[in-house]
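Peer 1: The structure follows.
The values are calculated or read from the model by the stated rules, or taken from the named source; none is laboratory data. All of these numbers come straight from a predicted model, not from anything done at the bench. No Cβ is skipped: glycine too gets one built from the backbone with ideal geometry, and neighbour counts run over all protein chains shown. We work out accessible area using only protein heavy atoms, side chains counted, and drop any ligands, DNA or RNA first. Shrake-Rupley method; radii C 1.70, N 1.55, O 1.52, S 1.80 Å.
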Protein chains: 2
Amino acid sequence: MRYLMTFSYDGSKYNGYQKQPNKRTIQSEIEKALTTINNNCFVSISASGRTDALVHAINQKAHFDLNINITCDKLKKAINSLIPKDIYVKKIETVSDSFHARYNVLAKQYIYKINIGEYNPIEKDYVLQLCHDLNITEIKKALKYLEGTHNFKSFVKANPDITDYTRTIIETDIKEENNILIISFLGTGFLRYMVRNMVGLLIEIGLGKRKSEDVITILNKEDRTSSGITALPNGLYLKDVFYE
Amino acid sequence: MRYLMTFSYDGSKYNGYQKQPNKRTIQSEIEKALTTINNNCFVSISASGRTDALVHAINQKAHFDLNINITCDKLKKAINSLIPKDIYVKKIETVSDSFHARYNVLAKQYIYKINIGEYNPIEKDYVLQLCHDLNITEIKKALKYLEGTHNFKSFVKANPDITDYTRTIIETDIKEENNILIISFLGTGFLRYMVRNMVGLLIEIGLGKRKSEDVITILNKEDRTSSGITALPNGLYLKDVFYE
């Protein structure tokens with residue numbers, strides 16, 4: 001039976017989502033728990049995509065197969081009792097055997113949190129501590145230029161394995177709550193570091209170091225060096241993954 | 001010269017505020033930094049009061065004396081460059097030599113955060129993960145009974161060193177933001193575990209296990225066993241300390 005799992009995690013104590021030898025990762029903690037539940041027969045999970053070290057997830061998704069018969073409700077309780085308390089399985093549902101958590105993704109949403117107020121030690125692992133005011137109007141304009149279908153090569157480290165840098169950003173948003181800016185990106189797919197590199201440029205625009213219209217030139221250059229800094233991982237959250 | 005310092009910390013990685021041999025505490029981290037700044041002559045700091053292990057502070061206050069001449073602004077920068085990133089000095093001001101951060105306290109405010117929604121692994125160290133709905137109307141009524149001057153012996157572990165259990169709660173408040181209840185207590189002073197024991201009772205009232213009027217009986221009994229559970233430290237924040 002194939003299951004689809006929705007889960008959340010605090011990435012600050014992990015070496016990212018993806019399994020690596022001798023490193024504490026989200027994937028390995030969940031696989032260990034599922035293998036125990038599956039009568040010690042190894043279970044491998046396939047997520048919608050990896051998240052990097054220190055990046056958080058609110059609704060990450062992954063599928064897996066089990067040999068045993070167990071209801072979704074019991075399975076949820078069993079996993080949560082075996083995984084560390086900074087990972088939590090919110091929902092489990094059964095899916096068809098052809099469902100794939102990565103290949104079937106229609107869209108993903110990421111959010112990025114920036115503290116534009118005073119440094120906050122209590123949120124240091126959960127919000128980028130910029131501690132500087134930003135011009136939100138200019139960032140909003142820049143976000144509009146990022147929306148749509150573009151070649152995002154300027155926002156990604158060159159990688160010979162990537163044949164197509166074209167992605168579609170369906171919708172963006174920015175809001176402020178108690179000096180925390182929350183920027184969101186809904187897109188059909190994101191390349192590695194793409195969100196953090198876009199946020200890096202947006203910060204430079206918000207600081208007045210670049211103009212919002214520079215986004216157009218940068219996208220057209222298709223060159224990573226034309227763009228800006230890479231925003232730190234601690235402010236990034238995989239918010240949602242959408243399927244048909 | 002005597003200085004008054006306002007500082008914030010994430011208590012989740014510390015064995016409380018107060019210095020203890022061979023343990024990581026807020027006080028020892030700050031004293032270590034100040035001693036370095038003070039040409040390695042030992043500096044001792046006196047806070048408004050201690051906070052227990054895993055409890056956070058938004059605006060804790062402490063005073064200390066230095067031998068050297070340094071502006072408040074430079075001192076703030078110097079301390080922040082030497083202490084861990086989960087402690088932050090927000091403000092330094094000079095005070096008279098007779099000022100005492102503990103003895104001169106007029107009032108203190110604590111807040112307690114309770115998640116009444118789904119378990120959130122990202123906030124596990126920062127909010128009590130109750131994950132159960134509470135009757136806010138009944139908690140509001142109970143808070144009204146706690147306001148005023150009372151003997152709070154029912155909310156404190158018996159201690160022969162305490163001669164007077166009378167304290168005044170000036171004002172309480174409760175609000176909800178995205179499934180997080182924030183209960184606040186403004187009072188002239190608080191005994192050890194008093195806030196967490198009051199919150200423990202409020203949770204029992206909110207769950208319908210006790211009635212709001214029980215607060216009156218419990219206060220009158222002056223007996224800890226009449227009261228309720230002790231709420232976990234992770235949801236507690238020292239919010240503010242007030243002087244004349």
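Peer 1: Can you find, within the stretch B:46-61, the residue that is most open to solvent (accessible area, probe 1.4 Å) among those that are in a loop (DSSP other than H, G, I, E, B) and within 23 Å of A:Lys124 (Cα to Cα)?
Peer 2: B:Arg50
Peer 1: Restricting to the stretch A:42-90, what's the tally of residues that are touching a helix residue (DSSP H, G or I) at 6+ places or on another chain (Cβ under 7 Å) and not aliphatic (A, V, I, L, M)?
Peer 2: 10
Peer 1: Could you say whether any residue in the stretch B:90-113 is out of contact with any Leu (no Cβ under 7 Å at 6 or more places or on another chain) and under 26 Å from A:Pro84 (Cα atoms)?
Peer 2: Checked against the condition, which is being out of contact with any Leu (no Cβ under 7 Å at 6 or more places or on another chain) and under 26 Å from A:Pro84 (Cα atoms), the stretch B:90-113 yields no hits at all.
Peer 1: Something else about it: Can you find, within the stretch B:207-244, the residue that is modelled with the highest pLDDT among those that are among the small types (Gly, Ala, Ser) and outside any loop (DSSP other than H, G, I, E, B)?
Peer 2: Per the stated criteria, the residue is B:Gly235.
Peer 1: Quick one: which residue in B:Gln60, B:Gln109 is polar (S, T, N, Q), within 17 Å of the chain's Cα centre (by Cα) and within 14 Å of chain A (Cβ to nearest Cβ)?
Peer 2: Among B:Gln60, B:Gln109, only B:Gln60 is polar (S, T, N, Q), within 17 Å of the chain's Cα centre (by Cα) and within 14 Å of chain A (Cβ to nearest Cβ).
Peer 1: For the stretch B:14-45, what are the residues that are open to solvent by 70 Å² or more (accessible area, probe 1.4 Å) and assigned to a helix (DSSP H, G or I)?
Peer 2: Within the stretch B:14-45, B:Lys32, B:Thr36 qualify.
Peer 1: If I go through the stretch A:152-192 residue by residue, how many of them are among the basic types (Lys, Arg) and part of a strand (DSSP E or B)?
Peer 2: 2
Peer 1: Just wondering, is there one or more residues in the stretch A:69-90 that are more than 13 Å from every other protein chain (Cβ to nearest Cβ), open to solvent by 60 Å² or more (accessible area, probe 1.4 Å), without any contact (Cβ under 8 Å) to a residue 24 or more places away in the chain and among the β-branched types (Val, Ile, Thr)?
Peer 2: yes
Peer 1: Give me the residue from the stretch B:115-140 that is within 13 Å of another protein chain (Cβ to nearest Cβ) and acidic (Asp, Glu) and, out of that set, most open to solvent (accessible area, probe 1.4 Å).
Peer 2: Here the residue is B:Glu118.
Peer 1: Sticking with this structure for a sec: When you go through B:Tyr193, B:Tyr145 one by one, which is the residue that is of a type outside the set (Gly, Ala, Ser), open to solvent by 70 Å² or more (accessible area, probe 1.4 Å) and on the phi < 0 side of the Ramachandran plot?
Peer 2: B:Tyr145
Peer 1: Also, I was wondering about something else. Can you say whether B:Val195 is closer than 24 Å to B:Asp10 by Cβ, among the β-branched types (Val, Ile, Thr) and in a helix (DSSP H, G or I), as far as the supplied structure shows?
Peer 2: yes
Peer 1: I'm checking my understanding of the structure. Among residues of the stretch A:206-232 that are crowded, with 21+ Cβ neighbours inside 10 Å and within 23 Å of A:Ala107 (Cα to Cα), which one is farthest from the chain's Cα centre (by Cα)?
Peer 2: Within the stretch A:206-232, the match that is farthest from the chain's Cα centre (by Cα) is A:Val215.
Peer 1: Quick one: is B:Ile174 closer than 28 Å to B:Asn59 by Cβ and touching a residue at least 40 places away in the same chain (Cβ under 8 Å)?
Peer 2: Spelling it out, it is not the case that B:Ile174 is closer than 28 Å to B:Asn59 by Cβ and touching a residue at least 40 places away in the same chain (Cβ under 8 Å).
Peer 1: Restricting to the stretch B:83-129, count the residues that are basic (Lys, Arg) and assigned to a strand (DSSP E or B).
Peer 2: 4
Peer 1: Contact list please: Cβ distance under 7 Å, first residue in the stretch A:207-233 and closer than 11 Å to A:Leu146 by Cα, second residue part of a helix (DSSP H, G or I) and basic (Lys, Arg), pairs at least six apart or on different chains.
Peer 2: A:Ser212/A:Lys141
Peer 1: Still on this structure, please answer the following. Tell me which residues, restricted to the stretch A:29-68, are in contact (Cβ under 8 Å) with a residue 40 or more places away in the chain and of a type in the set (S, T, N, Q).
Peer 2: Selection gives A:Thr36, A:Ser46, A:Ser48, A:Thr51, A:Asn59, A:Gln60.
Peer 1: Could you count how many residues in the stretch A:175-187 are over 20 Å from A:Glu138 (Cβ atoms) and at pLDDT 95 or above?
Peer 2: 2
Peer 1: Consider the stretch B:168-183. How many of its residues are under 20 Å from B:Ile229 (Cβ atoms) and surrounded by fewer than 18 Cβ atoms within 10 Å (Cβ to Cβ)?
Peer 2: 1
Peer 1: So, of the residues in the stretch B:91-106 that are more than 14 Å from chain A (Cβ to nearest Cβ) and charged (D, E, K, R), which turns out to be surrounded by the most Cβ atoms within 10 Å (Cβ to Cβ)?
Peer 2: B:Arg102
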